[in-house]
Amino acid sequence: MALLRFSRLVRFVPRSDTAKILIGQPVSQHIDVGLALYQGAEVQAEVFSGTSVLMPGEATGNVEIMSRVLSPLASSEVGTIRCIGLNYKQHAEEVKLEIPTVPTVFLKPNTALCDPWPAPTVLPKLSQIDDCADYEAELAVIIGKSAKNVTEAEAMEYVLGYTAANDISSRTSQFNTSQWCFSKGFDGSCPLGPTIVSTSLIPDPSQLHIRGLKNGKVLQDCGLDDLIFSIPKIVSFLSQSSTLPAGTVIITGTPAGVGAGKSPKVTIKHGDTYSVELQPFIGTLISVFENEA
């Protein structure tokens, strides 16, 4: 099955009927949807006939004003979130670990998926106890059709597009165990979106640039040419003897600048805002944090 082609898609609630969820393409080709909405701008989208970015259908010609944006995928569509750790050279140097020779893989459950602002990103009670919540700005890859045992040369045929993610981590829980799935898999620990951008607009993701900003201050700033394992390599590796269903989210690692690597350490607290910016085309994922009650 060939992947349907589009430029940029968002999943959103329209101002005209806040009980609806629609799929659409921003009318402005260059607007940073997440940032524009956060700043109070009016953002329009041309509505598509489908109900999922996996099957968006066709442009209908109808234009709606966004009330709020959602994660590009519903949690029911995701299955699992496959995660690559230690995938930037600068980050490996920062945490004083050797460059891996094979990708380091862990999983997040679909309950970790979180909508962008204005939905809150919840800081779990375990992270609040000793102030250990950390941020990780990441590029996310969305698989558009089922992939198994694909080669690196074939891998991009299975990629629907790219978006932004934040791998929220609870460092005390992470460092207390040898496996990361628990400490990185709490509810809402993977904000995703808001815009999914087609591979036709981004034929070479290594040319992207990623930044992470806490309350407006740049803490992470790196080109994706610093990746240890390329996107085709990651997709191919994860597909060996293991099916990646359509809707699988792959987050591809974070660059240097994480809070745990700073002296003094930097953490995320109630009321903080963290922005993941990916340019060109993808734009900004904004998360505003609230303590779990």
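No lab work stands behind these numbers, since they all come straight from the coordinates. It should be emphasised that the depicted structure is a prediction, and the values quoted were computed from it without experimental measurement. Glycine gets a Cβ as well: all are built from the backbone with ideal geometry, and neighbour counts include every protein chain shown.
Worth pointing out:
- Within the range 92-126, backbone nitrogen closer than 16 Å to the virtual label 7 Å beyond the Cα of Lys269 toward Cβ: 123-124
- Magnitude of the charge dipole, the range 164-293, Cβ model with Lys/Arg +1 and Asp/Glu -1, debye to 20: 320 debye
- Here's the picture: a label point sits 7 Å out from the Cα of Glu292 along the beta-carbon direction, and within the range 70-87 nothing has its amide nitrogen under 11 Å of it.
- Neighbour net charge for Ser242 - beta-carbon separation under 11 angstrom, K R +1, D E -1: +2
- Estimated 222 nm signal from helices in the chain, with DSSP H stretches of n ≥ 4 weighted -39500 (n - 2.57), rounded to 500: -3000 deg cm²/dmol
- Positive-end residue, the range 8-69 charge dipole about Cα centroid, Cβ charges, pick of Val47, Ser67, Pro26: Ser67
- Cα point-scatterer Debye curve for the chain, base-10 log of I(q)/I(0) at q = 0.12 Å⁻¹: -0.71
- Surrounding net charge for Glu77, when Lys and Arg each add one and Asp and Glu each subtract one, Cβ distance under 15 Å: +3
- Ranking of Tyr88, Tyr135 by count of other Cβ atoms within 10 Å, fewest first: Tyr88, Tyr135
- Placing dummy labels 7 Å off each Cα toward the beta-carbon, the span from Met55 to Asp221 is 4.5 nm.
- Model label sites at Lys262 and Thr80, defined 7 Å from Cα along the beta-carbon direction, differ in position by 3.3 nm.
- Charge dipole (debye, nearest 20) of the chain; +1 at Cβ of Lys and Arg, -1 at Cβ of Asp and Glu: 280 debye
- Charge tally in the Cβ shell below 10 Å around Pro26, where Lys, Arg are +1 and Asp, Glu are -1, Pro26 excluded: -1
- Residue pairs exceeding 22 angstrom between C-alpha atoms, taken from Lys89/Lys265; Lys89/Lys269; Lys217/Lys265: Lys89/Lys269.
- FRET efficiency for the pair Gln39 and Asp187, taken as 1/(1 + (r/R0)^6) with r the Cβ-Cβ distance and R0 = 30 Å, rounds to 0.60.
- Modelled label positions at Gln90 and Arg15, each set 7 Å beyond Cα in the direction of Cβ, lie 3.8 nm from each other.
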